[in-house]
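*Asks:* First the structure, then my questions, so here it is.
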Protein chains: 2
Amino acid sequence: MTSPPDDLRSLETPALLLDASRMEANIERMHAQARRLGVRLRPHLKTSKSVEVARRTLRQDIGPITVSTLKEADHFAEHGFTDILYAVGITPGKLDHALRLRARGVELGLVLDNVDAARAVVSAAESAGVRLSVLLEIDCDGHRSGLQPEGDELLAVADALRSHWVSVAGVMTHAGESYNCRTPESLCAMAEQERAAAVRAAQRLRDTGHAAPVVSVGSTPTALSAAQLDGVTELRAGVFVFFDLVMAGVGVCAVQDIALSVLTTVIGHQRDKGWTIVDAGWMALSRDRGTASQPVDQGYGLVCDVAGRVLPGLVMASANQEHGIVALRDGSTGAPPELPVGTLLRIVPNHACATGAQHAQYHVLDGRGRVTERWPRFSGW
Amino acid sequence: MTSPPDDLRSLETPALLLDASRMEANIERMHAQARRLGVRLRPHLKTSKSVEVARRTLRQDIGPITVSTLKEADHFAEHGFTDILYAVGITPGKLDHALRLRARGVELGLVLDNVDAARAVVSAAESAGVRLSVLLEIDCDGHRSGLQPEGDELLAVADALRSHWVSVAGVMTHAGESYNCRTPESLCAMAEQERAAAVRAAQRLRDTGHAAPVVSVGSTPTALSAAQLDGVTELRAGVFVFFDLVMAGVGVCAVQDIALSVLTTVIGHQRDKGWTIVDAGWMALSRDRGTASQPVDQGYGLVCDVAGRVLPGLVMASANQEHGIVALRDGSTGAPPELPVGTLLRIVPNHACATGAQHAQYHVLDGRGRVTERWPRFSGW
């Protein structure tokens with residue numbers, strides 16, 4: 001075990017660590033990919049929920065962003081972001097809030113996939129005399145929401161949006177099924193499926209008189225796997241900023257690229273069972289078990305020493321609210337390493353969005369493992 | 001579908017609802033049980049993390065409490081609570097914080113189960129010249145942490161605590177395995193196992209010259225199932241205040257007793273799949289799938305109308321960050337009910353501790369389903 005720098009020793013555990021060098025490399029990789037593909041990056045900030053991370057993700061103070069809640073839109077608008085896509089289907093009950101964001105000068109993009117929501121948007125825009133911009137959500141893979149790109153309903157919804165006060169700005173889709181891909185070939189094929197569905201839907205809108213200039217796609221796996229994105233205008237990936245064990249399992253990053261971890265302290269042992277008990281449970285790591293359906297089940301997280309080096313064979317096998325049980329992985333042989341009470345460990349999480357959400361700040365590490373800054377993150381609705 | 005009161009309509013979803021009448025009945029039930037068993041209630045406040053709920057749980061402004069983090073201890077101490085058990089094994093790195101709590105007058109109980117931690121506590125207490133009080137954690141069921149009640153290490157740890165500045169106040173145990181019980185008989189047997197282990201360990205400490213007046217037990221299932229608690233002095237249950245689907249699956253409450261739910265809005269459909277998409281995903285409900293290992297898997301939660309009546313056959317089958325997919329339960333027949341875009345639903349959670357932790361406030365409902373108050377809750381470490 002390496003002795004940690006004093007500033008890690010002084011943190012009360014559990015604490016969320018962010019390796020800034022890894023994050024910067026991950027961000028540069030996605031920017032290079034967007035440049036190569038000739039599309040704009042509109043990063044999804046639901047992963048980080050942090051203005052400091054957002055600015056680094058964009059490589060500039062301000063730029064186009066994607067959010068998953070109107071609270072995120074409020075928060076980023078307060079910090080100067082004006083081009084914001086709210087990428088969850090709008091409901092009538094949120095339109096007053098959307099109008100408040102418009103009133104403060106935010107170019108807010110709304111998303112919907114049905115006639116009822118379309119009518120509510122038209123009604124709200126016309127009543128307020130405020131222009132609203134809408135992307136139609138397209139279902140490219142049967143994963144969740146969205147209109148079929150070849151279906152009649154796509155045009156019916158677009159028709160329902162015809163109003164002086166509403167613009168059909170285009171389409172958006174999210175290939176959530178890419179998380180279930182396991183090979184570069186299937187990821188590349190999924191990226192093409194996502195691209196083709198969105199481009200086809202946009203073309204049908206244009207053929208019926210809608211401007212639809214925007215074709216927005218993106219999940220981290222497809223964004224990093226696309227061979228070409230002809231006809232697409234923007235990428236909305238999010239988790240690439242930090243990566244996580246699920247992304248490593250999908251094959252789009254290495255464990256060594258993962259920028260987030262949870263610092264924890266050994267609080268005891270059950271030596272007859274080979275257990276080391278730590279003070280990070282599911283409250284610190286989340287209940288996300290996204291690797292459970294992957295070939296390598298990482299339990300509640302991969303176990304590293306305080307310097308971030310993987311301790312071979314160990315996994316967080318179980319978690320209670322504030323307790324984690326570190327144990328040898330099924331099939332591992334040999335004795336677990338000696339980890340005395342008080343030892344600091346770092347747990348690499350399954351899912352960066354879920355683990356990050358359990359914490360109010362990032363403790364930012366420089367390349368030498370020192371805490372250089374603390375960046376707040378927000379939560380809620 | 002009943003029309004909801006206007007004040008539910010005005011909430012932006014997702015939002016955490018707390019049915020105050022159900023909560024009061026749940027609290028009264030546990031107080032009655034404690035009275036019957038002749039033990040003090042030291043409720044675990046990790047479930048609610050709210051001063052307003054705490055006062056109602058205690059049925060008075062102040063009283064003995066249990067916490068899972070030192071931040072909880074700080075927060076409740078700021079609101080006048082002075083008798084606090086921190087029920088997670090103490091580490092050397094947290095002793096300065098513990099001493100700060102002692103310095104502000106908190107009677108803080110620490111927990112440990114090993115000689116290393118015992119020595120660190122003695123060293124800290126002697127260096128500071130401050131009296132620290134310790135409960136030894138006992139393993140009553142092989143579930144997690146703790147010393148064997150019949151083992152040599154129990155006495156070795158107690159011996160390591162011999163100091164003018166440290167008192168061995170007694171023992172505590174938590175029958176986490178009770179969550180896996182499925183019958184009243186097995187629950188009652190588990191409660192007796194928990195009681196017997198704690199009482200036996202305390203007796204061994206007394207036999208070797210330690211005062212050990214405190215014998216603390218408690219999980220919600222065992223607390224509600226114990227036939228007698230002879231020799232026990234206090235109960236530390238927590239989740240009983242709200243209950244949840246896991247507790248209903250264990251059999252210690254009915255679904256109608258569950259006081260927490262998440263208000264959500266229908267945002268779309270995939271009618272060919274029978275899916276209704278709502279704006280509460282795992283961010284609002286947590287990733288907790290605690291019922292997955294129970295006879296009835298409740299998915300990400302049970303689906304109710306806005307008045308809290310269960311919609312038969314429906315379950316939140318899947319969840320993304322801000323999207324939930326409501327669908328017919330496997331094996332259900334018939335068509336799902338018509339739930340137009342904009343419909344408000346309430347999702348009853350698997351695990352109250354995990355779902356509550358995703359929210360910053362409770363919207364408190366009176367017996368008529370109106371929002372009467374908003375109570376803040378806190379999080380983090």
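*Asks:* Sort through B:A319, B:A352 and tell me the only one that's within 14 Å of chain A (Cβ to nearest Cβ) and over 30 Å from B:E52 (Cα atoms). Spell out how you get there, then give the answer.
*Replies:* Numbers: B:A352 fails: over 30 Å from B:E52 (Cα atoms).
From the options B:A319, B:A352, the qualifying one is B:A319.
*Asks:* Also, I was wondering about something else. I need the full set of residues from segment B:62-78 which are touching a residue at least 12 places away in the same chain (Cβ under 8 Å), more than 14 Å from chain A (Cβ to nearest Cβ) and either part of a strand (DSSP E or B) or more than 20 Å from the chain's Cα centre (by Cα) (or both), in order please.
*Replies:* Going residue by residue through segment B:62-78, those that are touching a residue at least 12 places away in the same chain (Cβ under 8 Å) are B:62-77.
Among the residues that remain, those that are also more than 14 Å from chain A (Cβ to nearest Cβ) are: B:62-65, B:76-77.
Scanning segment B:62-78 gives a single hit, B:I65.
*Asks:* Out of all the residues in segment B:326-346, is one or more surrounded by 24 or more Cβ atoms within 10 Å (Cβ to Cβ) and more than 14 Å from chain A (Cβ to nearest Cβ)?
*Replies:* Yes.
*Asks:* Of the residues A:A201, A:A237, which is at pLDDT 95 or above, part of a loop (DSSP other than H, G, I, E, B) and crowded, with 24+ Cβ neighbours inside 10 Å? Outline the logic, then answer.
*Replies:* Values: A:A201 fails: part of a loop (DSSP other than H, G, I, E, B).
Within the list A:A201, A:A237, the selection yields A:A237.
*Asks:* Answer yes or no as to whether A:G251 is away from chain B (no Cβ under 13 Å) and more than 25 Å from B:N320 (Cβ to Cβ). Talk me through it step by step, then tell me what you get.
*Replies:* On the way: away from chain B (no Cβ under 13 Å): yes; more than 25 Å from B:N320 (Cβ to Cβ): no.
In short, no.
*Asks:* Part of a helix (DSSP H, G or I) and either of a type in the set (D, E, K, R) or at pLDDT 95 or above (or both): does that describe B:Q228? Spell out how you get there, then give the answer.
*Replies:* Working: part of a helix (DSSP H, G or I): no; either of a type in the set (D, E, K, R) or at pLDDT 95 or above (or both): yes.
So B:Q228 does not fit the description; no.
*Asks:* Among the residues of segment A:79-117, write down those that are within 10 Å of chain B (Cβ to nearest Cβ) and either in a helix (DSSP H, G or I) or surrounded by fewer than 20 Cβ atoms within 10 Å (Cβ to Cβ) (or both).
*Replies:* Listed by number, the residues that qualify are A:P92, A:G93, A:K94, A:D96, A:H97, A:V115, A:D116, A:A117.
*Asks:* Same structure again: Which number in (1) more than 10 Å from chain B (Cβ to nearest Cβ); (2) free of Cβ contacts under 8 Å to residues at least 24 places away in the same chain; (3) outside any loop (DSSP other than H, G, I, E, B) marks the one condition that A:D272 misses?
*Replies:* Single failed check for A:D272: (1).
*Asks:* Give the residue that is surrounded by the fewest Cβ atoms within 10 Å (Cβ to Cβ), with candidates limited to residues of segment A:16-61 that are within 14 Å of chain B (Cβ to nearest Cβ) and part of a loop (DSSP other than H, G, I, E, B). Show your work before the answer.
*Replies:* Within segment A:16-61, the first condition is being within 14 Å of chain B (Cβ to nearest Cβ), and the residues that meet it are A:16-17, A:44-49.
Applying the additional criterion that residues be part of a loop (DSSP other than H, G, I, E, B) yields A:45-49.
Working: A:L45: 25, A:K46: 21, A:T47: 27, A:S48: 26, A:K49: 24.
For segment A:16-61, the residue satisfying everything is A:K46.
*Asks:* Tell me, which residue of segment B:275-293 that is assigned to a strand (DSSP E or B) and out of contact with any Leu (no Cβ under 7 Å at 6 or more places or on another chain) is farthest from the other protein chains (Cβ to nearest Cβ)? If you could, list the steps in order and put the result at the bottom.
*Replies:* Taking segment B:275-293 as the starting set, the residues that turn out to be assigned to a strand (DSSP E or B) are B:275-278.
Right, trim to out of contact with any Leu (no Cβ under 7 Å at 6 or more places or on another chain) and you get B:275, B:277.
Working: B:W275: 8, B:I277: 5 Å.
Restricting to residues being assigned to a strand (DSSP E or B) and out of contact with any Leu (no Cβ under 7 Å at 6 or more places or on another chain), the top hit is B:W275.
*Asks:* Residue check: is B:V296 crowded, with 24+ Cβ neighbours inside 10 Å, more than 8 Å from chain A (Cβ to nearest Cβ) and over 19 Å from the mean Cα position of the chain (by Cα)? Outline the logic, then answer.
*Replies:* On the way: crowded, with 24+ Cβ neighbours inside 10 Å: no; more than 8 Å from chain A (Cβ to nearest Cβ): yes; over 19 Å from the mean Cα position of the chain (by Cα): yes.
It is false that B:V296 is crowded, with 24+ Cβ neighbours inside 10 Å, more than 8 Å from chain A (Cβ to nearest Cβ) and over 19 Å from the mean Cα position of the chain (by Cα).
*Asks:* Now a separate question. Against the conditions (1) closer than 28 Å to B:A360 by Cβ; (2) over 21 Å from the mean Cα position of the chain (by Cα); (3) assigned to a strand (DSSP E or B), where does B:S261 fall short? Just the number, please.
*Replies:* All conditions pass for B:S261, except number (2).
The values are calculated or read from the model by the stated rules, or taken from the named source; none is laboratory data. Predicted model only: the values in this text are computed from it and were never measured. FYI the Cβ positions are ideal-geometry reconstructions off the backbone, even for glycines, and counts take in every protein chain you see.
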